[in-house]
């Protein structure tokens, strides 16, 4: 692979009056400057109210745990993601649509990110669907129902009938497996799906979780970047010589590079009374598990005075690093938009290459209610000083506006820790504001 190629996502969006537009999002191999508090990969989505969908896409990509493609050279090198930027090709058409469209763009953005990371053969997809990052027993992001499917199918069909419209659109249209009423999409919209296939050549693919969708696309492993692709062409013997020579000459720098190589973190389920329960999960004051709920804003919600249960699985994609640094240190950082900041640390984990390790936290949800971020961080070899981490982060956050606290904390720790796993939610007073997830 000489150069990385862009990947396109087409997200059908429908307004309150039934009018619609196909948002065209492009993921391309360049780095962009970002405003303070915004992640550079998705910063441009903030202009069209799709930034939360971009955050969900990045979180889903992390939960999916893509690693480097198989091979001895890939196994020795960390599964670091390829850099990219997401742009809105038709921003003028998308601006002004309702905020409810942000959730329906989550599936498309996650698929676009996976396609780009894998450099998979499909150059683009059409997709609509929300994501639940803790919805499946195995921790895989679940594809949740969205509204307006009939109008979205009709919008794609109409665009395909326009001059040149069919040639400009991908062949695959990913949708949730179920409607908002719990009916199979394939049955509820059978006529429209059949018409899209026969008249427009677009295949509708209902999916229950993100792993199913990425497997369908062949986007299951991170592609080598241009430099790594060139290294592979040297052949196994030459690469081994280069590796050994580099290890002898680089010394301490190589040691640090392996120590700070990316770690894969994902939320893991817990077993309660014989049943598997996805985490993060709600628990009452007496620690009895409560059903998940969503706030009126449609995000994850946790009532004040309850507990939040978290179980995390850590895996090391770099076997050589795992062999050299067999101790993994971790902490959980809790940040609230209202000003709260806490750091919880846990005991170091001992492991070896190929072994997945798990650890958990139990966090009290305290007043005042508001937007919150839980961020699990991990690294090899070096213990995490919780008080030092809290002080440094507090000093950094004191210089940013309250509305940017969560993203500023995320950006700072992602840049400093080999392993990070984020969970955004809203704390609420009582369970009345919640609705069933």
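The values are calculated or read from the model by the stated rules, or taken from the named source; none is laboratory data. Please read all numbers here as calculations on a predicted model, not as lab measurements. Every residue, glycine as well, gets a Cβ built from its backbone with ideal geometry; the counts of neighbours run over all protein chains shown.
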Pick from 405, 382: which is surrounded by fewer than 18 Cβ atoms within 10 Å (Cβ to Cβ), touching a residue at least 12 places away in the same chain (Cβ under 8 Å), touching a helix residue (DSSP H, G or I) at 6+ places or on another chain (Cβ under 8 Å) and farther than 21 Å from residue 270 by Cβ?
382
Whichever residue in the stretch 343-358 is surrounded by 15 or more Cβ atoms within 10 Å (Cβ to Cβ) and either in contact with a helix residue (DSSP H, G or I) (Cβ under 9 Å, 6 or more places away or on another chain) or at pLDDT 85 or above (or both) and, among such residues, is nearest to residue 410 (Cα to Cα)
343
Qualifying positions in the stretch 45-100 - assigned to a helix (DSSP H, G or I), touching a strand residue (DSSP E or B) at 6+ places or on another chain (Cβ under 7 Å) and at pLDDT below 70
74
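For the stretch 108-154, please list each of the strands (runs of 3 or more DSSP E) lying entirely inside it that holds at least 2 residues being more than 12 Å from the chain's Cα centre (by Cα), within 10 Å of residue 8 (Cα to Cα) and modelled with pLDDT of 90 or more.
Output list reads 124-127.
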Residues satisfying the stated conditions in the stretch 409-425, i.e. surrounded by fewer than 20 Cβ atoms within 10 Å (Cβ to Cβ) and assigned to a helix (DSSP H, G or I)
411, 412, 414, 415, 416
Is at least one residue of the stretch 207-221 part of a loop (DSSP other than H, G, I, E, B), at pLDDT below 90 and more than 23 Å from residue 142 (Cα to Cα)?
no
Looking at (1) touching a strand residue (DSSP E or B) at 6+ places or on another chain (Cβ under 6 Å); (2) surrounded by fewer than 20 Cβ atoms within 10 Å (Cβ to Cβ); (3) under 30 Å from residue 315 (Cβ atoms), which is the one condition that is false for residue 394?
(3)
